Amino acid sequence: MEKIIVKGVKKLDGEVNISCAKNSVLPIIAATILCPQDITITNTPILEDVEVICTLLSQLNCNVNFSKVNNDLTINTSNLNPVDASTDLIRKMRASFLIMGPMLSRFGYCKLSLPGGCNIGSRPIDLHLKGFKALGADVNIGHGFVEVKANKLTGNRIYLDFPSVGATENILTASVLANGTTIIENAAEEPEIEDLAKFLNSMGANIEGAGRGKITIHGVKELKGIKYTPIYDRIEAGTFMIAAAITNSIIKINGINEEHLRPVIEKLKECGLKFEKVGNQSIIVDGREKKKAVDIKTLPYPGFPTDMQSQIMSLLCLTNGISIITETIFENRFMHVTELVRMGANIKIDGRTAIIEGVSKLTGAKVKATDLRAGAAMILAGLAAEGETEISDIYHIDRGYVNIEEKFRNLGAEIYRINV
Ligand code: EPZ
């Protein structure tokens, strides 16, 4: 079993290059099903989750080729065989469920294993299915599967009770080839939604308003193959901003879109960090100032992202005063709290609220990565803790961070992977 060892206390220095966004690449790869021509995604992050969805497409008889030149991923789905997708892969990564919208749109049929919940919550799909039904699909659930069928999808108006990222993406891809116009109200506004719409429009789709709460999709007859580079990973960039803060260091981050990180940057400024833009894709983060306690409520974009909640909690453990974090997106996203307490943090949980009282130091300990972002939070805490921190269950981390130890080592961290 692999583990990551981090030795603190360490200062960081230098610069880090951010990879393309996992949560952009996954829906874009799923959307290649809409067009039976070569589509190349450049700068593809080599991640466990990307490998899973590519394996799934290969199992559906698609051509998937990866070239180390520019990390080009070329996909051709012309020979796609719309049979039951491999249940274990769908169970392994719920984002594979994002192939349902494109499959329904192109073939009028899709049957997938119900995506499991995960550590952070039950992860329902009711809003996805509400959208498919509104577009005219028959939806049947039974024996652990969900099956959707439609002769031809017809545009409709859909209101999302919650601005679900995945539901917005699945309804978006299901409606680009539908007859007529679809309007998604209370749609998710995350930058990854805007990126997916930009990708689809580059292929010939007709989508307006993505990235805002109301998206209008005028159905088109067909799409054409293209080459596309997804946006940078704002959560990876935010993670490295916290790294500068928790080690009281200055680092330069290359590959950021400041607008996408507005909620994170504003909160970190409140906490005492200083930022200096360099060009239009880099930023210098100065985390040397004494940190101040802050209160955080995770919200759909443009609110503070839930995917940054565990990472900033690591920082607030060492910040003078009492900070309060309220997690409004997922019902069980505080599992990292017990791990941080093992390192000497002083945190109490009351339902969806965590009360963090800053301590003078953390000490290295054996801890677990309890989800993808919590794993990153353990690395951050380990950088600032006295002694050695051993992190297990690091498969979570490999799902969403490219070469994370190497990126931290290049910044001066003492971090390495062991096989035990
Ligand atoms: C996406 O998950 C991201 N994953 C998550 O990132 C991210 O945390 C989440 O959006 C929120 O920003 C990918 O993009 C692959 P949601 P998704 O549907 O689409 C409820 C990471 O660490 N809901 O917006 O599954 C649900 O219960 C991962 O990279 C319904 O009620 O998120 C949850 O409370 C973790 N019914 C809330 O919406 C539905 O049909 C947010 O879910 C769908 C969702």
Among the listed residues Ala188, Ala178, Ala210, identify the single one that is of a type in the set (Gly, Ala, Ser), surrounded by 21 or more Cβ atoms within 10 Å (Cβ to Cβ) and touching a strand residue (DSSP E or B) at 6+ places or on another chain (Cβ under 7 Å). Ala178
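Can we say Cys118 is surrounded by fewer than 18 Cβ atoms within 10 Å (Cβ to Cβ) and under 24 Å from Tyr395 (Cβ atoms)? Show your work before the answer.
Numbers: surrounded by fewer than 18 Cβ atoms within 10 Å (Cβ to Cβ): yes; under 24 Å from Tyr395 (Cβ atoms): yes.
Answer is yes for this residue.
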Enumerate the helices (runs of 4 or more DSSP H) found wholly within the range 76-146, keeping only those where 2 or more residues are farther than 30 Å from Lys224 by Cβ and under 24 Å from the mean Cα position of the chain (by Cα). 87-92, 126-134
Within the range 261-275, is even one residue more than 16 Å from the ligand (Cβ to nearest atom) and part of a strand (DSSP E or B)? yes
Taking the range 304-339, which residues are modelled with pLDDT of 95 or more and assigned to a strand (DSSP E or B)? Phe304, Ile322, Ser323, Ile324, Ile325, Thr326, Glu327
Taking Ser310 as meeting all but one of (1) of a type in the set (Ser, Thr, Tyr); (2) surrounded by fewer than 22 Cβ atoms within 10 Å (Cβ to Cβ); (3) under 22 Å from the mean Cα position of the chain (by Cα), write down the number of the exception. (2)
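Select from the range 308-323 the residues that are of a type in the set (Ser, Thr, Tyr) and more than 19 Å from Leu261 (Cα to Cα) and write down the one among them that is nearest to the ligand (Cβ to nearest atom).
Here the residue is Ser323.
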Leading residue by the ranking (farthest from the chain's Cα centre (by Cα)) among those in the range 147-163 that are within 16 Å of the ligand (Cβ to nearest atom) and assigned to a strand (DSSP E or B): Val148
Count - residues of the range 164-211 that are assigned to a strand (DSSP E or B) and within 16 Å of the ligand (Cβ to nearest atom): 3
Any idea which of (1) open to solvent by 10 Å² or more (accessible area, probe 1.4 Å); (2) part of a helix (DSSP H, G or I) is the one Gly238 doesn't satisfy? (1)
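Among the residues that make up the range 293-302, is at least one of them under 23 Å from Phe408 (Cα atoms) and free of Cβ contacts under 8 Å to residues at least 60 places away in the same chain? Give the derivation first.
Keep residues of the range 293-302 that are under 23 Å from Phe408 (Cα atoms), which gives none.
No - not one qualifying residue is present in the range 293-302.
Is it the case, given these coordinates, that Arg373 is under 30 Å from Leu26 (Cβ atoms), open to solvent by less than 20 Å² (accessible area, probe 1.4 Å) and part of a loop (DSSP other than H, G, I, E, B)?
No, not satisfied.
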Quick one: would you say Pro305 is in contact with a strand residue (DSSP E or B) (Cβ under 8 Å, 6 or more places away or on another chain) and within 16 Å of the ligand (Cβ to nearest atom)? yes
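Based on what the data block shows, is Thr326 away from the ligand (no atom under 11 Å from the Cβ), of a type in the set (S, T, N, Q) and open to solvent by less than 10 Å² (accessible area, probe 1.4 Å)?
Numbers: away from the ligand (no atom under 11 Å from the Cβ): yes; of a type in the set (S, T, N, Q): yes; open to solvent by less than 10 Å² (accessible area, probe 1.4 Å): no.
Here the answer is no, as Thr326 does not meet what is asked.
The values are calculated or read from the model by the stated rules, or taken from the named source; none is laboratory data. This structure is a prediction, so every number in the text was calculated from the model and none was measured. Cβ coordinates were reconstructed from backbone atoms using ideal geometry, including for glycine residues, and neighbour counts include every protein chain displayed. Side chains included, ligands, DNA and RNA excluded: accessible areas come from the protein's heavy atoms. Shrake-Rupley method; radii C 1.70, N 1.55, O 1.52, S 1.80 Å.
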